[in-house]
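K.L.:
I have a structure I would like to understand better, so I am pasting it below and will then ask my questions one at a time.
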Amino acid sequence: LYSLFQTSHIIEALVETMKSFPNYLFIWKQPKGDLAILKEFKLKNVVLQNWINQKELLAHPKTMAFMSHCGMNSVMESTFYGVPMVCMPFFGDQYYNAELLAIQKIGLRSQRHWD
């Protein structure tokens, strides 16, 4: 998960979702100064990182899905490595990219507007 989820209600919703999948490991990229916000939840199935090599993560055989804002680079890399996406677009071409991924059935588009 990337650092694009900044508001507390979004973070809380994602934390609740991760709690409901205790047998899955989530890797969450968050800027170093913001890690304290997430550490308070003490989730055993979440690894917090301030930097992740996205290509290496997507290439890993155990990567099952990738949550992203759907910028073109992320879409291209995820598609190249065959990793389905959970799309949470915020602006610009991200909405179009997310819609295309959903149409092609290689991504799920969030139904909520995250502004």
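The values are calculated or read from the model by the stated rules, or taken from the named source; none is laboratory data. Everything numeric here is computed off the predicted structure, so don't read it as measured data. Positions of Cβ are backbone-derived with ideal geometry, glycine not excepted, and every protein chain shown enters the neighbour counts.
K.L.:
Closer than 14 Å to LYS55 by Cβ and either charged (D, E, K, R) or out of contact with any strand residue (DSSP E or B) (no Cβ under 9 Å at 6 or more places or on another chain) (or both): does that describe MET76?
P.N.:
When the stated conditions are applied, MET76 passes them.
K.L.:
Something else about it: So, of the residues in region 46-59 that are modelled with pLDDT under 90 and in a loop (DSSP other than H, G, I, E, B), which turns out to be nearest to SER78 (Cα to Cα)?
P.N.:
TRP51
K.L.:
Continuing with the same structure: Just to be sure I understand the filter: pairs with C-beta atoms under 6 Å, separated by 6 or more residues or on different chains, first member in region 75-94 and closer than 17 Å to ILE10 by Cα, second member of a type in the set (A, V, I, L, M) and assigned to a loop (DSSP other than H, G, I, E, B). Which pairs pass?
P.N.:
VAL86/ALA65
K.L.:
Continuing with this model, one more query. Go through region 50-61 and give me each residue that's among the polar types (S, T, N, Q) and touching a Phe, Trp or Tyr at 6+ places or on another chain (Cβ under 7 Å).
P.N.:
none
K.L.:
Just the residues that are aromatic (Phe, Trp, Tyr), surrounded by 14 or more Cβ atoms within 10 Å (Cβ to Cβ) and more than 12 Å from the chain's Cα centre (by Cα), please, taken from region 58-115.
P.N.:
TYR81, PHE90, TYR95, TRP114
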